[in-house]
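Visitor: To start, I am sharing the structure in question, which I have written as structure tokens.
The values are calculated or read from the model by the stated rules, or taken from the named source; none is laboratory data. Since the structure is predicted, the reported quantities are computational estimates derived from the model, not experimental observations. Note that we place each Cβ from the backbone using ideal geometry, even for glycine, and neighbour counts take in every protein chain shown. Protein only, heavy atoms only, side chains kept; ligands, DNA and RNA dropped before computing areas. Shrake-Rupley method; radii C 1.70, N 1.55, O 1.52, S 1.80 Å.
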Amino acid sequence: MGYCPNTPDDIRDMLAAIGAASVEELFAPIPAELRAKSFNLPPGMSELELLRLMREKAASCGADITPFIGGGIYDHFIPAAVDHLASRAEFYTAYTPYQPECAQGTLQALYEYQTTICRLTGMEASNASLYDGGTAVAEAALMSLRITDRHKVILDGSVNPLHRGIVTGYLHGLSAQAVHVAPDGCASDLARLMSSIDDETAAVIVQSPNFFGSVQDFRELAQKAHDHEALLIVSCYPIAMGLVASPGEMGADIAVGEGQSLGNHLSFGGPYFGFIATRKRFIRNLPGRIVGETIDHQGRRGFVLTLQAREQHIKRHKATSNICSNQSLCALRGLIFCASLGRKGFEELAQLNYDKAQYAKSVLAAVRGVDLLNSGATFNEFTLVLPKDAAEVVQRLLDKGMAAGVPLGQYYPGMERALVVTVTEKRTKDEIDRLAALLEEVLWS
Amino acid sequence: MAKFYTKEHEWVEMAGAQATVGISEHAAHELGDITYVELPKIGKSVKQFDALAAIESVKAASDIYAPVSGKVAEVNQALNDAPELVNQGAESQGWICKLDGVNEAELGALMDAAAYDVYLKGL
Amino acid sequence: MELIFEKSVSGRTGVRVPLSDVPKAASLPEAVRRQEPVRLPEVGELDLVRHYTNLSRRNFSVDTNFYPLGSCTMKYNTKVTENAGGLFASCHPMLALLPGGDSLVQGPLSIVYELERQLAEITGMEEVTTQPLAGAHGEMTGIMVIAAYHKARGDEKRKYVIVPDSSHGTNPASAAMAGYEIVTVPTAPYGDMDLDLFRQAMNDEVAAVMLTCPNTLGLFNPHIAEICAIAHQGGALTYYDGANLNAILGKVRPGDVGFDVIHVNLHKTFGTPHGGGGPGSGPIGVRGDLVRFLPTPRVVRRVDGSYAVEDHPEGIGRVSDFFGNFAIMARAYAYITMLGREGLIEVSEQAVLNANYIMARLKEEYELPFDQTCMHECVFSASRQVQNGVHAIDVAKYLIDRGFHPPTVYFPLNVKEAIMIEPTETESKQTMDAFIEVMLEAAQLAKEDPERLHEAPVTTPVGRLDETRAARMQQVCCE
Ligand SMILES: Cc1ncc(COP(=O)(O)O)c(C=O)c1O
């Protein structure tokens, strides 16, 4: 039942070797008064019954809905090789590579992953993954506190609101101050962000593209932050990096983001992975595992976990983070995804997302009463203003099989009529045209 | 001038009112191959036995405490690129920093070389 | 082996990107455009498949090798739960947060809800949240809940968290991240946190005490109820690190004993794959009056039997974007459902039997610092072998040559030269016997031919690697 292979004979022999009369005797160290008062679970079932149950649950999973939603998590195509290679049991059923000689597969893959993240973000040093995008932004904020020895973080309001919630929670515990700067329409309010930076500021956190889909140039902001010896943290959407200026190009000190869109299934919220990369001089402040290159006694190249003295198993409460298990397998998927597309394919994919979103933008903004709210460039998301409450419109479109976008009212009071629409390469022209037609219908009939 | 040691295995040597500080040969040996020394900021003031710097090897990390109170006047910049100097000579070229404004009376709370030897034998 | 980047040939393409069915758009403005394409490798699909297939073969894994890595519960993960977890791959989590969207994702919401109920029953807690993404994340979430509890009572003076010195490094690290200072209590000669020293450490500034039980020495602490009582008397709450729950399923429920908060590691106890380091999943359970502090949102069951996503306004906020590492949770749910009550009890009984068997067979040759009945793992010390210049790491490397993944040897820090062995319930006596033989062989070699152990491993693609060089060079990506 519990996949325990030992036969009654095995068990008898083992008990004899131990010198115990019964298995129950081995639980003697647990005093009677500490024993479980209840363990009320149903009896088990066979594989067949289990799959029947699980398939039933998977049947009501929103599979027939066409998703024009994002909000940090994106419906992208995943090359078949990703599933096949990442499912290799040797990757899948190993654990943290503490013993490097029998874990070169994982270690080299993570080294390649780190390289990939550095190249995507324009940075010099990446760790081997964090939990997800939100905790990655939070870890970057904590990292900036350590580097600058300051206590104030400026948080741009156009950063994903779910992520901002997580950052605020992490900072709250440490009595660090989070200063929120509201966006200006769909853009970061650069003037206010810059005037908020002072000599107490550890970092400014922005996102590119931001939650409204807008893409902005942060070079001046970086300069201003550096003038005050503060850091610029940019959270970025990795698929956009095929086309949009990277955090590194814009002068960021730490780049983070949600890695899901790199080859990880939607899976109702996880597992995904967070990435974090920085300048080489800040490497000792990175949280989590890092893989480094070295050699063995014969001079052969190999890879090991390195700079472990930052981590909880050595530094305990002084560690740069509490993270232990990370999201290695999801990071491996990200690596294989990038490698299968390659230099050219990755750029083409980004271009395709951009082209489709630009097309959708023109079609949807042409619907009667609908306006585009972004004033500048966008990547594969944009914000519409509807003539009606967006939450109601979304709900009615859901009934017609369309997830039209994320209504902004619940995250930005006052923006009840705004809707963020996401268009990945998987959405067809027909689906986009259909969304426009249904939107027109829901608004006006 | 004589060297004095702490129970936490730092050493200090006075020259006038300036003290040179490092970790003992014993500590360096225990840590193994040093991979990093986090040097204090110049100008930082410390009290006796406060955390002053930190040192790391592959599998360990530990704080270095100030053997005497003072203000950091100079740090051993060479350790930034060559932390192995601590292994090569923890009580010579592997010194960590120099402290100004030291009160020699505080040395009374420390061990001299002979006492430190006895202390090590008892560990 | 070459890096994938070193196999790159300029102009070679891999997977084809979907064709476009829309007009090409005007390009992005210069100021926000990327200047150079991302330098990703240019390889064909076969190059890619060979590269990663061959890389994978440089790993030991549960499916290929016995992997008794202590404290990590490297049990076999059933294939049917893999299939079950994969059924939700195309479900977008944002659907659940859209107005009216929860009605579209009743299947996955029911799994979140039911898994939380299962874990509440297994741990004896009132409510559970699956939001934390790993054990350490659960610890931090739990300590944040405890902080919110004290704060809601206006009790703001508490600034310490007590941990035993044998605790896993994540415990003090998590409490520190939640803003607490750490007080460490040493282990007594009997192998558990020293009760007298704990009493002395308790005062009205202590917010919580974190215990791991069975602890990282594999020992069950019979004083946990007393520790809870002492903590509660002082106004502190008690945190149970449930990473080692595999030993006590159906035997002990931390909630019954008086613990206030617990995290469990689904990737250990509940049979989900470890993925070369993760993903994990670290749900936490709490007692009744802490429920209101759990993170938002909550999945609830309406009277009509349907499931809904509700805000949890008094809670500590979000600790992750959605409902946790769902596909891992779905596997754990499938595992618990498939094994059922009797299956889970059998898991713990066989895990404890296996660990005691290995302990009994090896204690002649290896020093056993705490010689008592163990739970799911046993901890030896290589102290006898050290006399011949052989360290725990040498034994570990020799095991690799003989096809076994080594036990945990860098932890717990309070046992010198620790060898921490956790066989789990899914291993047969025959596999363990083969492992025991090699361990005894290593002990013999330590006496007769220590060089053999120092040279190990010799069968792997690389020999022992220079970790000092890695730490000094800091080469963490290729140019
Ligand atoms: C006793 C104990 N507590 C906590 C943890 C942390 O769990 P995770 O790695 O999932 O963060 C572990 C795992 O390594 C553990 O063994």
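Visitor: Compute accessible area for the range A:252-269 by itself and then with all protein chains, 1.4 Å probe, and report residues whose area falls by 10 Å² or more.
Guide: So the qualifying set is A:H265, A:L266, A:S267, A:F268, A:G269.
Visitor: Work out the charge dipole of the range C:82-338 with +1 on the Cβ of Lys and Arg and -1 on the Cβ of Asp and Glu about the Cα centre, then indicate which of C:P189, C:V257, C:P295 is farthest towards its positive end.
Guide: Farthest along the dipole direction, towards plus: C:P295.
Visitor: Starting from the Cα gyration tensor of the range A:28-136, take the square roots of the eigenvalues, sort them a ≥ b ≥ c, and report rounded, prolate or oblate (rounded when a/c is under 1.5, otherwise prolate if a/b is larger than b/c, else oblate).
Guide: Values: a/c = 2.04, a/b = 1.30, b/c = 1.57.
In terms of gyration-tensor shape, oblate.
Visitor: So what is the relative contact order for chain C, in percent, with contacts set as C-alpha pairs under 8 Å and at least six apart?
Guide: On the way: 853 pairs, mean separation 88.3, N = 479.
Reported relative contact order: 18 percent.
Visitor: So what is the accessible area of the protein assembly as shown per residue, in Å², with the probe set to 1.4 Å?
Guide: 33 Å²
Visitor: Hey, another quick one. Can you give the Rg to Rh ratio of the range B:3-121, both from alpha-carbon atoms, with Rh computed by the Kirkwood formula?
Guide: Rounded to two decimals, Rg/Rh equals 0.93.
Visitor: With the full set of protein chains in place, find how many percent of the accessible area of the range C:82-338 is carbon and sulfur; take the probe as 1.4 Å. Working shown, then result.
Guide: Details: 2930 of 6280 Å².
Reported share for carbon and sulfur atoms: 47 percent.
Visitor: Over the C-alpha atoms of the range A:80-336, what are the Rg and the largest Cα-to-Cα span, Dmax, in Å?
Guide: Both quantities, over Cα of the range A:80-336: 18.0, 61 Å.
Visitor: Please report the equivalent ellipsoid semi-axes of chain C, computed as sqrt(5 x eigenvalue) of the Cα gyration tensor, largest first, in whole Å.
Guide: Semi-axes from the Cα gyration tensor: 37, 35, 22 Å.
Visitor: Give the carbon-plus-sulfur fraction of the accessible surface of chain A in %, rounded to a whole number; probe 1.4 Å, heavy atoms of protein chains only.
Guide: Working: 6880 of 13720 Å².
After summing per-atom areas, the C and S share lands at 50 percent.
Visitor: Continuing with the same structure: Using the 2.2 N^0.38 Å rule of thumb for compact globular proteins, work out how the range A:166-304 stacks up: its C-alpha Rg over that value, please.
Guide: Relative to the rule-of-thumb radius for its length, the range A:166-304 sits at 1.22.
Visitor: What is the helix-to-structure angle for A:47-59, meaning the angle in degrees between its Cα long axis and the longest Cα principal axis of chain A, kept from 0 to 90 and rounded to the nearest 10?
Guide: 10 degrees
Visitor: Please work out, to two decimal places, the log10 of the ratio I(q)/I(0) at q = 0.06 Å⁻¹ from a Debye calculation in which every Cα of the protein assembly as shown carries one identical scatterer.
Guide: So the normalised log intensities work out to -0.44.
Visitor: In whole percent, and with a 1.4 Å probe on the protein chains, what portion of the accessible area of the range B:3-121 is carbon and sulfur?
Guide: 48 percent
Visitor: If I take every Cα pair under 8 Å that is 6 or more residues apart in the range A:80-336, average their sequence separation and divide by the length, what percent do I get for the relative contact order?
Guide: 27 percent
Visitor: Highest mean first, how do C:26-32, C:258-264 rank when packing is the count of other Cβ atoms within 10 Å averaged over residues?
Guide: C:258-264, C:26-32
Visitor: Still on this structure: How large is the charge dipole for the range C:82-338, taken about the Cα centre, if only the Cβ atoms of Lys, Arg (+1) and Asp, Glu (-1) carry charge, to the nearest 20 debye? Numbers along the way, then the final one.
Guide: Working: 17 positive and 27 negative charges, 62 e Å.
So the magnitude is around 300 debye.
Visitor: Still on this structure: In a Gaussian network model over chain A where Cα atoms closer than 10 Å are linked, find which of A:A128, A:A360, A:A94 has the largest mean-square fluctuation.
Guide: A:A94
Visitor: Roughly how many debye, to the nearest 20, is the charge dipole of the protein assembly as shown about its Cα centre, given +1 on each Lys and Arg Cβ, -1 on each Asp and Glu Cβ, and no other charges? Write out the running numbers ahead of the final one.
Guide: Details: 91 positive and 129 negative charges, 371 e Å.
Once rounded to the nearest 20, the dipole reads 1780 debye.
Visitor: Given B:A109, B:L79, B:F4, which one lies farthest toward the positive end of the charge dipole of chain B, if we put +1 on the Cβ of every Lys and Arg and -1 on the Cβ of every Asp and Glu?
Guide: Ranked along the dipole, the leading option is B:A109.
Visitor: With heavy atoms of protein chains only and a 1.4 Å probe, what residues of the range C:173-221 have at least 40 Å² less accessible area in the full set of chains than alone?
Guide: C:A173, C:M177, C:F220
Visitor: Another question, if that's okay. If you fit an axis through the alpha-carbon atoms of helix A:429-444 and take the longest principal axis of the Cα set of chain A, what angle between them do you get, 0 to 90°, nearest 10?
Guide: With rounding to tens, the tilt is 60 degrees.
Visitor: Starting from the Kirkwood Rh over alpha-carbon pairs, what translational D in µm² s⁻¹ does the range C:215-312 have by Stokes-Einstein at 37 °C and 0.692 mPa s? Walk me through the intermediate numbers first.
Guide: Working: Rh = 15.7 Å.
This corresponds to a translational diffusion coefficient of 210 µm²/s.
Visitor: For the range C:345-455, take the convex hull of the Cα atoms, compute a quarter of its surface area, and give me that in nm², please.
Guide: Orientation-averaged projected area of the Cα hull: 6.5 nm².
Visitor: Quantify how strongly other chains surround peptide A:168-178 by giving the mean number of their Cβ atoms within 10 Å of each of its Cβ atoms.
Guide: Other-chain Cβ atoms within 10 Å of each residue's Cβ, averaged: 4.
Visitor: Next up: Under the rule of -39500 (n - 2.57) per DSSP H run of 4 or more residues, summed and divided by the residues of chain C, what mean residue ellipticity at 222 nm is obtained, to the nearest 500 deg cm²/dmol? All intermediate terms of the calculation are to be shown ahead of the outcome.
Guide: Values: 16 runs with 176 residues, N = 479.
The helix contribution divided over chain C gives -11000 deg cm²/dmol.
Visitor: Taking the Cα centre of the range A:80-336 as origin, sum charge times position over the Cβ atoms of Lys and Arg (+1) and Asp and Glu (-1), and report the length of that vector in debye to the nearest 20.
Guide: Roughly 620 debye, rounded to the nearest 20.
Visitor: Mind computing the radius of gyration and Dmax over the alpha-carbon atoms of the range C:314-353? Å is fine for both.
Guide: Here Rg and the maximum Cα pair distance are 15.1, 44 Å.
Visitor: Quick one: Cα centre-to-centre distance for the range A:45-97 and the range A:144-213, in angstrom?
Guide: Centre-to-centre distance over Cα atoms comes out at 34 Å.
Visitor: Tilt of helix A:390-399 relative to the longest C-alpha principal axis of chain A, in degrees (0 to 90, nearest 10)?
Guide: For helix A:390-399, the angle is close to 60 degrees.
Visitor: Using the Kyte-Doolittle scale, which helices in chain C average at least 0.0 and also have C-alpha atoms spread 20 Å or more along the helix axis, with helices defined as whole DSSP H runs?
Guide: Qualifying helices: C:135-152, C:326-362, C:429-448.
Visitor: May I pose another question? Can you tell me the relative contact order of the range B:3-121? Whole percent, Cα pairs under 8 Å, sequence separation 6 or more.
Guide: Dividing the mean separation by the residue count of the range B:3-121 yields 32 percent.
Visitor: Looking at the protein assembly as shown, send over the antiparallel percent of its DSSP beta bridges, to the nearest 5. Let's see the in-between values first.
Guide: Numbers: 75 of 112 bridges.
Close to 65 percent.
Visitor: Name the residues of the range C:272-314 whose accessible area, probed at 1.4 Å, falls by at least 20 Å² once all protein chains are in place instead of their chain on its own?
Guide: Residues of the range C:272-314 that lose at least 20 Å² of accessible area once the other chains are added: C:P273, C:H274, C:G275, C:G276, C:G277, C:G278, C:P279.
Visitor: I'd like the mean, over residues of A:275-285, of how many other protein chain beta carbons sit within 10 Å of each residue's own Cβ.
Guide: 1
Visitor: I've got another one for you. Kindly provide log₁₀ I(q)/I(0) values, in the same order as q = 0.07, 0.09 Å⁻¹, from the Debye equation applied to equal alpha-carbon scatterers of chain A.
Guide: With no solvent term, the Cα-only Debye profile gives -0.43, -0.68.
Visitor: Show me you know the interface measure: the accessible area buried between C and A, both chains summed, probe 1.4 Å, in Å² to the nearest 100.
Guide: Numbers: alone 23560 and 22580 Å², together 29230 Å².
Accessible area lost upon association: around 16900 Å².
Visitor: Going out from 0 in 10 Å bins, what whole percent of all Cα-Cα distances in the range C:82-338 drops into each bin?
Guide: For the range C:82-338, the binned pair fractions read 7, 32, 35, 18, 6, 1 percent.
Visitor: Can you tell me how the range C:386-449 classifies by the Cα gyration tensor, rounded, prolate or oblate, using a/c under 1.5 as the rounded cut?
Guide: Oblate, since a/c reaches 1.5 and b/c is not below a/b.
Visitor: Still on this structure, I have one more. Per residue of A:110-120, how many C-beta atoms from partner chains lie within 10 Å of its own C-beta, taken as a mean? Please report the intermediate quantities before stating the final value.
Guide: Values: counts 3, 5, 9, 1, 3, 10, 7, 1, 5, 9, 4.
Average neighbour count from other chains, rounded to a whole number: 5.
Visitor: Test of understanding: express the Cα radius of gyration of the range C:135-207 as a ratio to 2.2 N^0.38 Å, with N the residue count. Each step should come with its number before you reach the end.
Guide: Working: Rg = 12.6 Å, N = 73, 2.2 N^0.38 = 11.2 Å.
Working it through for the range C:135-207, the quotient is 1.13.
Visitor: Specify whether the C-alpha gyration tensor of the range C:164-257 places it in the rounded, prolate or oblate class, a ≥ b ≥ c being the square roots of the eigenvalues: rounded for a/c under 1.5, otherwise prolate if a/b is larger than b/c and oblate if not. If you can, show how the numbers build up before the last one.
Guide: Values: a/c = 1.40, a/b = 1.30, b/c = 1.07.
It is rounded, given that a/c, with a ≥ b ≥ c, falls under 1.5.
Visitor: Among C:Y149, B:V118, A:F379, which residue has its Cα furthest toward the positive end of the charge dipole of the protein assembly as shown, with +1 on Lys/Arg Cβ and -1 on Asp/Glu Cβ?
Guide: The listed residue farthest towards the positive side: A:F379.
Visitor: On average, how much area does the Cα convex hull of the range C:261-316 cover when viewed from any direction, in nm²?
Guide: 5.4 nm²
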